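Undergrad: Quick one: structure below, then a few questions.
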Amino acid sequence: MKSEEIYHAWKEQKSRVEVGADFCDSVMDQIYRYEGGKKMSLFKSYRLIEVVSAYPVAKAAVIAAGALIGLGRVAFMVHILLFT
Amino acid sequence: MALETEVIRRILEGDIESFRFLLERYEKPVISMIRSITDDRESCEDIAQDVFFTVYKKLASFDPARSDFSTWLFTIARNKSLNALKKKRVFSASELPERTDQTNPSDCLTQKELFERLDGELQVLPSRQRRAFVMAEIEKLSYEQIAQIEGARLGTIKSRINRAKKKLRSALAELDGEAV
């Protein structure tokens, strides 16, 4: 067999790949589990952070709520100090 | 291309099952590329699974204006393969495959043996040359695509491929001399 023929036959053989019969199904299962997990874990803290981080309006709402709570606490403390 | 763009749009709209089309189209070239880079038949499907899962998760960030889907996919496959290699420290000299120049000239080499020797020669090529060669000659990607995947200039890629071809052909010429 000539070198050229061997070289091309080798390249041809390298490009042939046997893929496990269940490869696609395994990947799709993994994806479905991932999507299912996303829906189920909506109320887990890390998932909530992920969701809030993805939407600027939600981020603004969380910051505003935090600021309001902080101001409320300050007002409450001032009220206690001055009027009790 | 247009079909792929349409499929990607459907996936992003929530039709998860459409991802199977991309999987079936690219499973073989991706696995072949991973196998050639890592030289690991055992774990190449695991790495490929990770590649496709990552592709699915990052699909929203794919920009068709910047590259073809296949270029983007092969870039992820390349990076995952290199990470897998780093983890296994395959690059350490002690674990590199043995060179094939320890042959007895009187050996009669069968085609299978010649292929194995060529596989060995491919694995001892510098990794950049090997990757460029595999993408061009085995996966039949265009030089432009390879340049994008490797983040290198077109001329550099051509030169890497030419050097790899030259080394392999010269190794083959030596081996062929031994074959009867």
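Undergrad: Write out, first by first residue and then by second, each pair whose Cβ atoms fall under 6 Å of each other, whose residues are 6+ apart or on separate chains, and whose first residue, in segment B:113-128, is more than 10 Å from every other protein chain (Cβ to nearest Cβ) while the second is acidic (Asp, Glu).
TA: Taking only residues 6 or more apart or on different chains, the pairs are B:GLN123/B:ASP39.
Undergrad: I'm trying to understand the selection: among the residues of segment B:26-44, which are of a type in the set (A, V, I, L, M) and more than 7 Å from every other protein chain (Cβ to nearest Cβ)? Explain how you work it out, then say what you get.
TA: Step one: list which residues in segment B:26-44 are of a type in the set (A, V, I, L, M), which gives B:30-31, B:33-34, B:37.
B:VAL30, B:MET33, B:ILE34, B:ILE37 - these are the residues of segment B:26-44 that are of a type in the set (A, V, I, L, M) and more than 7 Å from every other protein chain (Cβ to nearest Cβ).
Undergrad: Right, next: When you go through (1) among the aromatic types (Phe, Trp, Tyr); (2) surrounded by 10 or more Cβ atoms within 10 Å (Cβ to Cβ); (3) over 30 Å from B:ARG117 (Cβ atoms) one by one for A:TYR46, which number turns out not to apply?
TA: Among (1) among the aromatic types (Phe, Trp, Tyr); (2) surrounded by 10 or more Cβ atoms within 10 Å (Cβ to Cβ); (3) over 30 Å from B:ARG117 (Cβ atoms), A:TYR46 violates only (2).
Undergrad: Please verify whether A:SER53 is of a type outside the set (A, V, I, L, M, F, W, C), assigned to a helix (DSSP H, G or I) and away from chain B (no Cβ under 14 Å), treating the condition exactly as stated. Steps first, please.
TA: Working: of a type outside the set (A, V, I, L, M, F, W, C): yes; assigned to a helix (DSSP H, G or I): yes; away from chain B (no Cβ under 14 Å): yes.
Criteria met by A:SER53.
Undergrad: If B:GLY120 satisfies all but one of (1) at pLDDT 80 or above; (2) over 18 Å from the mean Cα position of the chain (by Cα); (3) not aliphatic (A, V, I, L, M), what's the number of the condition it fails?
TA: Going through the list (1) at pLDDT 80 or above; (2) over 18 Å from the mean Cα position of the chain (by Cα); (3) not aliphatic (A, V, I, L, M), B:GLY120 breaks only (2).
Undergrad: May I pose another question? What do you reckon, is B:GLU13 in contact (Cβ under 8 Å) with a residue 60 or more places away in the chain and farther than 19 Å from B:ARG131 by Cα?
TA: When the stated conditions are applied, B:GLU13 does not pass them.
Undergrad: Going through segment A:1-32 one residue at a time, which ones are under 15 Å from B:ASP46 (Cα atoms), more than 7 Å from chain B (Cβ to nearest Cβ) and not in a loop (DSSP other than H, G, I, E, B)?
TA: Residues of segment A:1-32 under 15 Å from B:ASP46 (Cα atoms): A:17-31.
The next check asks that each one be more than 7 Å from chain B (Cβ to nearest Cβ); those that pass are A:18, A:21-22, A:25, A:29.
Within segment A:1-32, A:ASP25, A:ASP29 qualify.
Undergrad: To continue, here is another question. Does segment B:144-168 hold any residues that are outside any helix (DSSP H, G or I) and either modelled with pLDDT under 90 or within 16 Å of B:ARG66 (Cβ to Cβ) (or both), and which are they? Before the answer, list the steps.
TA: At the first step, the residues of segment B:144-168 found to be outside any helix (DSSP H, G or I) are B:151-153.
Of everything in segment B:144-168, just one residue is outside any helix (DSSP H, G or I) and either modelled with pLDDT under 90 or within 16 Å of B:ARG66 (Cβ to Cβ) (or both), namely B:GLY151.
Undergrad: Residue check: is B:ARG131 among the basic types (Lys, Arg) and under 25 Å from B:LYS80 (Cβ atoms)? Talk me through it step by step, then tell me what you get.
TA: Details: among the basic types (Lys, Arg): yes; under 25 Å from B:LYS80 (Cβ atoms): yes.
Yes: the conditions hold for B:ARG131.
Undergrad: Here are the criteria: (1) in a helix (DSSP H, G or I); (2) closer than 17 Å to A:VAL19 by Cα; (3) acidic (Asp, Glu). Tell me which single one B:GLU17 does not satisfy.
TA: All conditions pass for B:GLU17, except number (2).
Undergrad: Also: Is at least one residue of segment B:59-79 touching a residue at least 60 places away in the same chain (Cβ under 8 Å), within 13 Å of chain A (Cβ to nearest Cβ) and under 30 Å from B:LEU122 (Cα atoms)?
TA: Step one: list which residues in segment B:59-79 are touching a residue at least 60 places away in the same chain (Cβ under 8 Å), which gives B:67-71, B:74-75, B:78.
Right, trim to within 13 Å of chain A (Cβ to nearest Cβ) and you get none.
Taking every residue of segment B:59-79 in turn, none turns out to be touching a residue at least 60 places away in the same chain (Cβ under 8 Å), within 13 Å of chain A (Cβ to nearest Cβ) and under 30 Å from B:LEU122 (Cα atoms).
Undergrad: Inspect segment A:58-72 for any residue being facing another protein chain (nearest Cβ under 9 Å), among the aliphatic types (A, V, I, L, M) and in a helix (DSSP H, G or I) and give the result as yes or no. Reasoning before the result, please.
TA: Step one: of segment A:58-72, the residues facing another protein chain (nearest Cβ under 9 Å) are none.
Within segment A:58-72, none of the residues are facing another protein chain (nearest Cβ under 9 Å), among the aliphatic types (A, V, I, L, M) and in a helix (DSSP H, G or I).
Undergrad: Anything in segment B:1-17 that is in contact with a helix residue (DSSP H, G or I) (Cβ under 7 Å, 6 or more places away or on another chain) and more than 11 Å from every other protein chain (Cβ to nearest Cβ)? List them, or say none.
TA: Going through segment B:1-17, the residues in contact with a helix residue (DSSP H, G or I) (Cβ under 7 Å, 6 or more places away or on another chain) turn out to be B:4, B:7-8, B:10-12, B:16.
Within segment B:1-17, B:GLU4, B:VAL7, B:ILE8, B:ARG10, B:LEU12 meet the criteria.
The values are calculated or read from the model by the stated rules, or taken from the named source; none is laboratory data. As the structure is a computational prediction, the values presented were derived from the model and not from experiment. We place every Cβ from the backbone using ideal geometry, glycine too, and count neighbours over all the protein chains shown.
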